[in-house]
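Data block below; observations after.
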Ligand SMILES: [Zn+2]
């Protein structure tokens, strides 16, 4: 898997990838309930990106740059454990990453996001980079996989992606089981079943994340579900990156 990493190449070796796609994973460092580590989003998106790149590599040149481990997480600061960039900082950082890559000859960039709070910033940056002659795309991994995850029943057990609920806990159990510490207290609630982007976006002053920092009950989370979700997500990311590449 290391061969898919941008940072394992010499500058000469990088020349061979300039016509291909560079995946830029965008993570976050923020609390994930009482049971998951603060690096969930960064860990998941890097693993998804590397597996997708591996699957794509026979068909197109592709590399994964280091995951941005910080995102827009101000709504998590009150819990402790968050390292957050202001919106304008995040946009500036993503833009600089894109412009640096372009300066080196990489002009097909796919920003793969794993934290809801980063979604708008990534899309804005893609618009701005296009004005600089750079082809770019931005997607949150659950958005490109939404239909397939829904079909697989992921919504029957909690929110997708939610925060530190059934979905993320399942992925962590499968990929990083040693970082899952039991389950948070159980609770009953109705989970919205439509894609988050289809609802009005509402933020209230001082509003935290769910109750006690997680959005839904993780009692049905399992490594087996995590494996199923992971395979779906990777295959949909592969499809999205390939479609992006073919349309340039
Ligand atoms: Zn998360």
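The values are calculated or read from the model by the stated rules, or taken from the named source; none is laboratory data. Source: prediction; values computed, not measured. Ideal geometry is used to build each Cβ from the backbone, glycine not excepted, and the neighbour counts take in all protein chains shown.
A Cβ distance below 6 Å, combined with a sequence gap of six or more or placement on separate chains, defines the contacts here; from the range 225-248, residues that are surrounded by fewer than 16 Cβ atoms within 10 Å (Cβ to Cβ) reach residues that are at pLDDT 95 or above and not in a helix (DSSP H, G or I) in the pairs 248/108; 248/135.
Within the range 124-145, restricting attention to residues that are assigned to a helix (DSSP H, G or I) and within 13 Å of the chain's Cα centre (by Cα), which residue is surrounded by the fewest Cβ atoms within 10 Å (Cβ to Cβ)? First the steps, then the outcome.
First, the residues of the range 124-145 that are assigned to a helix (DSSP H, G or I): 124-131, 141-144.
Narrowing the set further to residues that are within 13 Å of the chain's Cα centre (by Cα) leaves 141-144.
On the way: 141: 25, 142: 24, 143: 19, 144: 21.
Out of the qualifying residues, it is 143.
Looking across the range 144-163 at every residue that is touching a helix residue (DSSP H, G or I) at 6+ places or on another chain (Cβ under 8 Å) and without any contact (Cβ under 8 Å) to a residue 60 or more places away in the chain, the one that is farthest from the ligand (Cβ to nearest atom) is identified as 155. Within the range 1-18, the set of residues being more than 15 Å from residue 67 (Cα to Cα) and surrounded by 14 or more Cβ atoms within 10 Å (Cβ to Cβ) comprises 9, 14, 17, 18. Just checking, does the range 97-111 include any residue being in contact with a helix residue (DSSP H, G or I) (Cβ under 8 Å, 6 or more places away or on another chain) and under 30 Å from residue 205 (Cβ atoms)? Checked the range 97-111: at least one residue is in contact with a helix residue (DSSP H, G or I) (Cβ under 8 Å, 6 or more places away or on another chain) and under 30 Å from residue 205 (Cβ atoms). Quick one: in the range 94-123, which of the residues that are within 28 Å of residue 225 (Cα to Cα) and not in a strand (DSSP E or B) is farthest from the ligand (Cβ to nearest atom)? Checking each candidate, the answer is 119.
Of all the listed residues (69, 25), the sole one being touching a helix residue (DSSP H, G or I) at 6+ places or on another chain (Cβ under 9 Å), within 16 Å of the ligand (Cβ to nearest atom), touching a residue at least 40 places away in the same chain (Cβ under 8 Å) and under 26 Å from residue 243 (Cα atoms) is 25. Within the range 78-92, residues that are over 25 Å from residue 34 (Cα atoms) sit with their Cβ atoms under 8 Å from residues that are assigned to a strand (DSSP E or B), at 6+ positions apart or across chains, in these pairs: 90/71.
Would you say residue 56 is within 19 Å of residue 5 (Cα to Cα), in contact with a strand residue (DSSP E or B) (Cβ under 8 Å, 6 or more places away or on another chain) and away from the ligand (no atom under 16 Å from the Cβ)? Judged against the criteria, residue 56 is a match.
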